[in-house]
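The block underneath contains the structure these notes are about, expressed in structure tokens.
Every read-out reported here was derived from the displayed coordinates using simple, explicitly stated rules and does not represent laboratory data. Note that the coordinates shown come from a computational prediction; the quantities given were computed from them, not determined experimentally. Positions of Cβ are backbone-derived with ideal geometry, glycine not excepted, and every protein chain shown enters the neighbour counts.
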Amino acid sequence: MEHIRCLIIGSGPAGYTAAIYASRANLNPVLYEGIQPGGQLTITDMVENFPGHPEEISGSELMDLMREQVDKFGVEVRQHICVKSDLSSAPYKFTFDDETEVEADAVIIATGASAKFLGLSDEKKYMGQGVSACATCDGFFYRKKVVAVVGGGDTACGEAMYLASLASKVYLIVRKPFLRASKILQDRVQNNPKIEILYETNTEGLYGADGVEGAHLVHRKGESDERHYDLPIDGFFLAIGHKPNSDVFKPWIETDETGYIITEGATPKTNIPGVFAAGDVADPLYRQAIVAAGSGCKAAMEAEKYLADLCQIKN
């Protein structure tokens, strides 16, 4: 079985930053990019709020630059997905989808969180062309335009409020006849003149020639008064939640009820010594590239300290 000193599972801003710092600390990291090399940012159209890039840059281009920097420091990058973990005792053991088995002294989990989708084929078709799962990332591009947000919880209401500060009109598409958000957010959304709530409404599809131009909606689906209609919009934002990519580690790592990895205070330390979590897999609140990058830095620095202490113990 191959032995790795510092194993990084997952890419994106957290994984790539961890790799850069770990390599500069001579930890000889090996990075497995996982299911989506570059992470969620690769499906973000344009990024304007990442420090050091005064001109807008596409999410995929930004991640290509991070990957280039990882390569510059000689990090070994592999493409496969972790399918099994054994964190019962150190060194920790992992199996990947090519049947490779490795063991590692220190591990940084940076597998991210995947946005939940409605399951419409049009979501993929228009991704980056009017469909987004991050209002904070992409809302700026819809100034004075008409957008729709799908969802009825805290996230959806928060996204609708944020977009209302930029867009000319925001439709909140809610499947149920009520909002599930906290009372204060409900009040803010209901009292915002730019937001119109479409209760008991489902999205059946999207349309547009070179991007989203509207949504096919159905009101009171399955009822006797079911009504189908088209809603002209410029942007379609999904806000029905995220799923942390933590399942393969759950038998060992403590998570919250949603699956986000629980870390100790402001550190990336998990309940397993030498195992650290960085990025969206441990962040249910911010989910921003710059925050993920910062957490990747912290994870690498903690891994360096852990390995130094481990070396002293062995000696």
Which one of these does residue 68 not meet: (1) outside any loop (DSSP other than H, G, I, E, B); (2) under 26 Å from residue 263 (Cα atoms)? (2)
Kindly list the number of the only condition in (1) over 17 Å from the mean Cα position of the chain (by Cα); (2) without any contact (Cβ under 8 Å) to a residue 12 or more places away in the chain that fails for residue 285. (1)
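A quick yes/no check of all residues on (1) of a type in the set (Lys, Arg); (2) within 18 Å of the chain's Cα centre (by Cα):
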| site | (1), (2) |
| --- | --- |
| 227 | yes, no |
| 234 | no, no |
| 239 | no, yes |
| 249 | no, yes |
| 260 | no, yes |
| 269 | yes, no |
| 272 | no, no |
| 279 | no, yes |
For region 1-28: of the residues being out of contact with any strand residue (DSSP E or B) (no Cβ under 7 Å at 6 or more places or on another chain) and of a type outside the set (Ser, Thr, Tyr), which is surrounded by the most Cβ atoms within 10 Å (Cβ to Cβ)? 14
Evaluation of residue 4 against (1) part of a strand (DSSP E or B); (2) in contact with a helix residue (DSSP H, G or I) (Cβ under 9 Å, 6 or more places away or on another chain) (one fails), failing number: (2)
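Filter region 106-131 for residues that are part of a helix (DSSP H, G or I) and of a type in the set (D, E, K, R); which is nearest to residue 37 (Cα to Cα)?
Result: 124.
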Find the residue count for region 74-99, including only residues that are part of a loop (DSSP other than H, G, I, E, B), in contact with a strand residue (DSSP E or B) (Cβ under 9 Å, 6 or more places away or on another chain) and not charged (D, E, K, R). 7
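Being of a type outside the set (Phe, Trp, Tyr) and in contact with an Asp or Glu (Cβ under 7 Å, 6 or more places away or on another chain) is the filter here; which residues of region 105-128 pass it?
Going residue by residue through region 105-128, those that are of a type outside the set (Phe, Trp, Tyr) are 105-116, 118-125, 127-128.
If the condition is that a residue be of a type outside the set (Phe, Trp, Tyr) and in contact with an Asp or Glu (Cβ under 7 Å, 6 or more places away or on another chain), then 112, 113, 128 are the ones that fit.
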Any chance residue 258 is assigned to a loop (DSSP other than H, G, I, E, B) and closer than 21 Å to residue 35 by Cα: yes
One residue from 42, 17 being more than 22 Å from residue 254 (Cβ to Cβ), touching a residue at least 24 places away in the same chain (Cβ under 8 Å) and either assigned to a helix (DSSP H, G or I) or not β-branched (Val, Ile, Thr) (or both): 17
So residue 70 clears everything in (1) crowded, with 22+ Cβ neighbours inside 10 Å; (2) closer than 28 Å to residue 123 by Cα; (3) touching a strand residue (DSSP E or B) at 6+ places or on another chain (Cβ under 8 Å) except one condition, right? Which one? (2)
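Would you point out which residue out of 36, 40, 79 is surrounded by 21 or more Cβ atoms within 10 Å (Cβ to Cβ) and farther than 18 Å from residue 298 by Cβ?
Among 36, 40, 79, only 40 is surrounded by 21 or more Cβ atoms within 10 Å (Cβ to Cβ) and farther than 18 Å from residue 298 by Cβ.
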